[in-house]
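Novice: Sharing a structure below in structure tokens format, with a few things to ask.
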Amino acid sequence: MKKRSLAALVAAVAVIAGGILISLFFATSGERDAYVITLPSQDAAVIDPSHEIGQSNLEQLEIISVNKTNIQAVVSSLKRPEVYSCRVSTTYYYRDTATVLASHLWKQQALVRISQMDAAGAEQEQILLTGRATYLWGAGETAYQRFPRQEQDIDLYSRAPSYENLLLLSGDQIREGKIVELDGHLCLYAKTEDPVTGEVEQWYILVENGLLLYADGMLDGKLTYQTQITDLQLSMADPAVFLLPNGARPE
């Protein structure tokens, strides 16, 4: 995506007065395969998928007016890729120390593989999630443990928040919602506050694929954590990634 200033971005798109819901299509090409994200709509805009955003498509986008009252609904409505991989890194801050937790994540439809890494980047705990089960084993081991699948397992084992954490918050915790640009990417931005702890969090969700790009938390003016995804690939992984350590297929 070509980087453009936020001022130019705002000038290029049309915001519909009165908050009337229409369509947002974001088309991108990766190895000539395009996909589209659609917000709640009444009418459809015509988008040419042969061009990247930042070129002719930018002038064709029609964006609803995003604010704190509808930011969760907009984030929830984004279509997300069924096949992708990425690296997730979260730094947690404790007084004068910080701990970095990194993971490599692969997703293919209902299957999710997570490889937790140590500080040196070596593989540690391995996790394989199916629609019904969670499998755990250590790096280099062939034996594994199996547990029933639980909600939010992806966030738990990747050791990082995601856009789903934002959707779980009550509406009165949302302090701000808008469209912004971060590192050249069009993002949905939300600021939230925990009424009990007072922690303020910022969330940047990529419009192009609905995934969390960056998040952080602050309490009493100090960072509590920072999360970001990198090396996002929208391509099929080696099928062996989704096998159990003994080479068997999961249930």
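The values are calculated or read from the model by the stated rules, or taken from the named source; none is laboratory data. Note that this is a predicted model, so its numbers are computed, not measured. Ideal geometry is used to build each Cβ from the backbone, glycine not excepted, and the neighbour counts take in all protein chains shown.
Novice: So, in the stretch 196-241, exactly how many residues are touching a His at 6+ places or on another chain (Cβ under 9 Å) and either of a type in the set (Ser, Thr, Tyr) or within 14 Å of residue 107 (Cα to Cα) (or both)?
Specialist: Step one: filter the stretch 196-241 for residues touching a His at 6+ places or on another chain (Cβ under 9 Å), giving 204, 206-208, 213, 231.
After this cut, where a residue has to be either of a type in the set (Ser, Thr, Tyr) or within 14 Å of residue 107 (Cα to Cα) (or both) as well, the list is 204, 231.
The number of residues fulfilling the criteria is 2.
Novice: Still on this structure, I have one more. Against the condition within 30 Å of residue 250 (Cβ to Cβ) and part of a loop (DSSP other than H, G, I, E, B), how does residue 165 come out, does it pass? Steps first, please.
Specialist: Working: within 30 Å of residue 250 (Cβ to Cβ): yes; part of a loop (DSSP other than H, G, I, E, B): no.
Judged against the criteria, residue 165 is not a match.
Novice: Could you pull out the residue among 135, 157 that is part of a helix (DSSP H, G or I) and either touching a residue at least 24 places away in the same chain (Cβ under 8 Å) or touching a Leu at 6+ places or on another chain (Cβ under 6 Å) (or both)?
Specialist: None of the others qualify; the one that does is 157.
Novice: Please indicate, with yes or no, whether at least one residue in the stretch 140-149 is closer than 27 Å to residue 123 by Cα, in the same structural domain as residue 106 (by TED's automatic domain parsing), touching an Asp or Glu at 6+ places or on another chain (Cβ under 7 Å) and not in a loop (DSSP other than H, G, I, E, B).
Specialist: no
Residues are listed down the side, and each one gets a yes or a no for (1) within 18 Å of residue 90 (Cα to Cα); (2) surrounded by 18 or more Cβ atoms within 10 Å (Cβ to Cβ):
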| residue | (1), (2) |
| --- | --- |
| 172 | no, no |
| 179 | no, yes |
| 205 | yes, yes |
| 208 | no, yes |
| 213 | yes, yes |
| 229 | yes, yes |
| 232 | yes, no |
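Novice: Test residue 127 against the criterion of being under 19 Å from residue 215 (Cβ atoms), modelled with pLDDT of 95 or more and either assigned by TED's automatic domain parsing to the domain that holds residue 174 or charged (D, E, K, R) (or both), and give yes or no.
Specialist: Criteria not met by residue 127.
Novice: Inside the stretch 187-233, counting only strands (runs of 3 or more DSSP E) that do not spill past its ends, which hold 2 or more residues that are without any contact (Cβ under 8 Å) to a residue 40 or more places away in the chain and under 21 Å from residue 75 (Cβ atoms)?
Specialist: 200-206, 212-219
Novice: Hey, another quick one. Could you check, for the stretch 174-189, whether at least one of its residues is under 17 Å from the mean Cα position of the chain (by Cα), more than 28 Å from residue 127 (Cα to Cα) and among the hydroxyl-bearing types (Ser, Thr, Tyr)?
Specialist: Within the stretch 174-189 (the criterion being under 17 Å from the mean Cα position of the chain (by Cα), more than 28 Å from residue 127 (Cα to Cα) and among the hydroxyl-bearing types (Ser, Thr, Tyr)), the answer is yes, since at least one residue qualifies.
Novice: Moving to a separate point now. Any residue in the stretch 168-180 that's assigned by TED's automatic domain parsing to the domain that holds residue 193: show its pairings with residues that are buried (at least 16 other Cβ atoms within 10 Å of the Cβ) and among the basic types (Lys, Arg) at Cβ separation under 6 Å, as long as the two are six or more apart or on different chains.
Specialist: Final answer for the pair search is 174/68; 175/191; 176/68; 176/191; 177/68.
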